[in-house]
Amino acid sequence: MPDMRNTEAVPKRIRPVIFVLDTSEHMEGKAIQIVNESMPEMINSLRMAISGAREDVRIGVLAFSDGAEWLSDGLERIEDFVWRDVEAGGAADMGAALEELNARMSRSCWFESCYLWLYPAICFISCGKYVEGWKAVLYRICNENRWFRDSVRYAVAAGEDADRLALAEAADHNLEAVFPENDILALVDVIKYMFRDRSDFNRAGISVFAGEKGNTEFPAEPIGDIAGEWDSEWD
């Protein structure tokens, strides 16, 4: 019988959850207030959700206006992240945020092992009124970066006049993945589902969304984890 005392513990696989926050002048007033009030709630809710889960979680928070700036220390342990309120101002340079994600989401930077790291969940909280040229950046990154293309992406429409179509384009061309600002915690429920001892489920195009009354719907069966299939192809 093997000596179990000498058996190394299998490391938890890591789920990156990245929030991309619009802090441009279009977010002044109620929209930026929603960001500052909801971010601590969402992070605390995620902290509780991962207790006892088989996955570990790393959180990244990227803000953009005239440029892009990390509010987290790259991908931090969710237990270590401390939220600090943000202010609105400047242009909404979504392209700069996408370029920053592209630079970090690679095996040469964050994801050194596609067996250890799971597909990221990316959450955009924005009004969707971006500086021109961001779509070309989005399409290029989707073609070049498999970590980004195969990520599970959602958006929150901040502000009554938010451009939901632009947000849907960022959220993998899925209007059902755009949550209203008054139901932002439903987004957390969707992310929590990823921690229920399951693998990635949205990569194959399964729709996961909040219903009209905020009731979150989930697929009946998960899609199997295929993170190791393209080991030699991932950058």
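The values are calculated or read from the model by the stated rules, or taken from the named source; none is laboratory data. Keep in mind it's a predicted model, so treat the numbers as computed, not measured. Glycine gets a Cβ as well: all are built from the backbone with ideal geometry, and neighbour counts include every protein chain shown.
Taking the residues in the range 144-162 that are among the charged types (D, E, K, R) and more than 23 Å from Val188 (Cβ to Cβ) as candidates, determine which candidate is farthest from the chain's Cα centre (by Cα).
Filtering the range 144-162 for residues that are among the charged types (D, E, K, R) and more than 23 Å from Val188 (Cβ to Cβ), the one farthest from the chain's Cα centre (by Cα) comes out as Asp161.
Could you tell me how many of the residues in the range 119-170 are among the β-branched types (Val, Ile, Thr) and without any contact (Cβ under 8 Å) to a residue 12 or more places away in the chain?
Matching residues across the range 119-170 total 0.
Being outside any loop (DSSP other than H, G, I, E, B), β-branched (Val, Ile, Thr) and at pLDDT below 95: is that true of Val137 here?
No; evaluated as a whole, the condition is false for this residue.
Here is a list: Asp231, Asp161, Asp200, Asp225. Which entry is at pLDDT below 50 and loosely packed, with under 14 Cβ neighbours inside 10 Å?
Criteria check complete, one pass: Asp231.
In the range 103-125, how many are small (Gly, Ala, Ser) and assigned to a loop (DSSP other than H, G, I, E, B)?
Result for the range 103-125: 3.
Among the residues of the range 171-185, is any under 20 Å from Ala96 (Cα atoms) and of a type in the set (D, E, K, R)?
So far as the range 171-185 goes, yes, one or more of its residues are under 20 Å from Ala96 (Cα atoms) and of a type in the set (D, E, K, R).
Can you name the number of the only condition in (1) farther than 23 Å from Met94 by Cα; (2) assigned to a strand (DSSP E or B); (3) free of Cβ contacts under 8 Å to residues at least 60 places away in the same chain; (4) not small (Gly, Ala, Ser) that Arg47 fails?
Unmet condition: (2).
Give Glu79, Glu69, Glu100 a once-over and let me know the one that is surrounded by fewer than 19 Cβ atoms within 10 Å (Cβ to Cβ) and part of a strand (DSSP E or B).
Going through Glu79, Glu69, Glu100 in turn, the sole match is Glu69.
Is it the case that Ser113 is polar (S, T, N, Q), surrounded by fewer than 19 Cβ atoms within 10 Å (Cβ to Cβ), closer than 20 Å to Arg15 by Cβ and without any contact (Cβ under 8 Å) to a residue 40 or more places away in the chain?
yes
Specify which of the listed residues (Asp22, Asp80, Asp93, Asp56) is among the charged types (D, E, K, R), under 21 Å from Arg153 (Cα atoms) and modelled with pLDDT under 95.
Of Asp22, Asp80, Asp93, Asp56, the one residue that is among the charged types (D, E, K, R), under 21 Å from Arg153 (Cα atoms) and modelled with pLDDT under 95 is Asp56.
For residues in the range 140-186 being assigned to a helix (DSSP H, G or I) and of a type in the set (Lys, Arg), which is farthest from Leu118 (Cα to Cα)?
Of everything passing the filter in the range 140-186, Arg164 is farthest from Leu118 (Cα to Cα).
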